[in-house]
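The values are calculated or read from the model by the stated rules, or taken from the named source; none is laboratory data. Predicted model, so just to flag it, every value in this text is computed and none were measured. Methodologically, a virtual Cβ is constructed for each residue, glycine included, from the backbone with ideal geometry; neighbour enumeration extends over all protein chains shown.
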Number of protein chains: 2
Amino acid sequence: MRFVAEIGKLKGVLRQTVLADEGLNRSENSAEHSWHLATMLLVLGEHAPPGTDLARVAAMVLIHDLVEIDAGDLFVYADAEAQARQDAAERAAADRIFAILPADQGEELRQLWDEFTARQTSDARFARALDRLQPMLENLKAGGGTWQRHGITADQVLAKVALIEDGSPQLGAVARDLVNQAVEAGILQPAPSGAAGVPSRAGGWAGRGAGISGEEDQLHRGDQADHDNDDPQDQRWQTPAHPGSDEST
Amino acid sequence: MRFVAEIGKLKGVLRQTVLADEGLNRSENSAEHSWHLATMLLVLGEHAPPGTDLARVAAMVLIHDLVEIDAGDLFVYADAEAQARQDAAERAAADRIFAILPADQGEELRQLWDEFTARQTSDARFARALDRLQPMLENLKAGGGTWQRHGITADQVLAKVALIEDGSPQLGAVARDLVNQAVEAGILQPAPSGAAGVPSRAGGWAGRGAGISGEEDQLHRGDQADHDNDDPQDQRWQTPAHPGSDEST
């Protein structure tokens, strides 16, 4: 029961995603985000690759953000140093939080969290696909949401769609369709000319900050790069060094 | 995807429960409440009666409040007329919301919701036990929470514990222990003398409003009586007709 009481704190961890449903205009928290993923799984589970264990996926999405109770939520495009600090903080958080449980249960959930984080199994890849897809929907509902706020363009979103496709080709196709809808609706800017899926902007994009492409994320950092928040808050997104932000916000 | 977008509205349905974790002092919403139940299930599922299908229980707790998107949340002790209106509104909401899905999926989730609501199977009874237990924990964390706000006494809470025991004797014992802790800590008032587990108060308690005892709820109204909010807001709780409210708020 101490664990059950402790995890309630996740309701106080705010994400970048802004909820735009009627009567709402506030940041999403990680608990309700996790509920959304698990409930999506009930109806989208049929699009998981054969052999996917949906019960394990459900457990993963329910617990995937618990470490944020201690570590907070890091934006996708934080630099390598911040990301390394975050990784260490999340591991320390996992050590503490799962240890509240009886040893066998704590170990089981810790292994699930490690598996989600490592993103090597099809269960984990499908869980991560859901985690990527849901904020896209919220941005669509919000008429642009964090895409507009941070000047994200379609090529950048499509790079993330690659990670959804990696977990489920069908959900990847759905996500690609959502991107097209958003561009057609004028709430997501098309790729700047010359971008061709990889940002060609100069200045302020060194190191991890340059890892806009999902493929590059995967190559350089495995899974930590595909962090659990679709919505960057790196200060560099706000500077004139990023031409998109002025165009679309 | 229309269903997935639609259900996000549950994040805007507020419950009576007040969250008291550090930095939080606000009403809980039904989406994060549902996440809490599903995650509790991961660690408390071993206390389900033999034969319980935990995957079905998980699905039930994830979707059990979706009807509140249209119908809102009704307090446990609403009178019979309000309850009948709520039942009709929830059925209409279920008709609309589950029909957004492809027919086979919609029917499957509708049947799960009907089963949760009817509370006849052990899966549903276990799901309802979780739904009853979680607000008790939040009230403990809040140093009394809605118990104090509405002048609830230990005998009234124990009557609800009967519904938890009905779903799981082990969780019932845990809940009973929580009640004792709360009384010892002075955040839950003991039963008024003469209450003996069933309220003996006169006036304003006619009809459904008298259904304080979980057993009575079950006998008179099946499951609808054991509604999904532990926290009454019936105006009668605020009147002098209820002696407890002045003592403990």
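If you scan the stretch A:136-163, which residues turn out to be assigned to a loop (DSSP other than H, G, I, E, B) and of a type in the set (V, I, T)?
First, the residues of the stretch A:136-163 that are assigned to a loop (DSSP other than H, G, I, E, B): A:142-144, A:150-152.
Matches in the stretch A:136-163: A:I152 only.
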Among the residues of the stretch A:40-74 satisfying the criterion of being in a helix (DSSP H, G or I) and among the small types (G, A, S), which is surrounded by the fewest Cβ atoms within 10 Å (Cβ to Cβ)? A:A55
Reported set for the stretch A:89-101 where residues are outside any loop (DSSP other than H, G, I, E, B) and crowded, with 17+ Cβ neighbours inside 10 Å is A:E90, A:A93, A:A94, A:I97, A:F98
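Please indicate, with yes or no, whether at least one residue in the stretch A:46-67 is without any contact (Cβ under 8 Å) to a residue 24 or more places away in the chain, aliphatic (A, V, I, L, M) and over 21 Å from A:S122 (Cα atoms). It would help to see each step written out before you state the result.
To start, the set of residues in the stretch A:46-67 that are without any contact (Cβ under 8 Å) to a residue 24 or more places away in the chain comprises A:46, A:50, A:54-55, A:58.
The next check asks that each one be aliphatic (A, V, I, L, M); those that pass are A:54-55, A:58.
If we keep only those that are over 21 Å from A:S122 (Cα atoms) as well, we get none.
For the stretch A:46-67, residues without any contact (Cβ under 8 Å) to a residue 24 or more places away in the chain, aliphatic (A, V, I, L, M) and over 21 Å from A:S122 (Cα atoms): absent.
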Failed item in (1) in a helix (DSSP H, G or I); (2) away from every other protein chain (no Cβ under 14 Å), with B:R176 passing the rest: (2)
Can you find a residue in the stretch A:6-23 that is under 15 Å from the mean Cα position of the chain (by Cα) and facing chain B (nearest Cβ under 7 Å)? no
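Considering each of A:D166, A:D123, A:D104 in turn, give the residue that is within 13 Å of chain B (Cβ to nearest Cβ) and either assigned to a helix (DSSP H, G or I) or without any contact (Cβ under 8 Å) to a residue 60 or more places away in the chain (or both).
A:D104
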How many of the residues in the stretch A:128-145 are over 29 Å from A:L112 (Cα atoms) and either within 12 Å of chain B (Cβ to nearest Cβ) or surrounded by fewer than 24 Cβ atoms within 10 Å (Cβ to Cβ) (or both)? 5
Tally up the residues in the stretch A:87-101 that are away from every other protein chain (no Cβ under 14 Å) and either touching a Phe, Trp or Tyr at 6+ places or on another chain (Cβ under 6 Å) or touching a residue at least 60 places away in the same chain (Cβ under 8 Å) (or both), please. 2
So A:R26 clears everything in (1) within 12 Å of another protein chain (Cβ to nearest Cβ); (2) within 15 Å of the chain's Cα centre (by Cα) except one condition, right? Which one? (2)
Quickly run through the stretch B:169-190 and pick out the residues that are of a type in the set (V, I, T) and either touching a residue at least 40 places away in the same chain (Cβ under 8 Å) or over 21 Å from B:G151 (Cα atoms) (or both). B:V174, B:V179, B:I187
Leading residue by the ranking (farthest from B:P135 (Cα to Cα)) among those in the stretch B:31-58 that are among the small types (G, A, S) and more than 9 Å from chain A (Cβ to nearest Cβ): B:G51
Tell me whether the stretch B:206-222 contains one or more residues that are at pLDDT below 95, surrounded by 19 or more Cβ atoms within 10 Å (Cβ to Cβ), aliphatic (A, V, I, L, M) and in a loop (DSSP other than H, G, I, E, B). yes
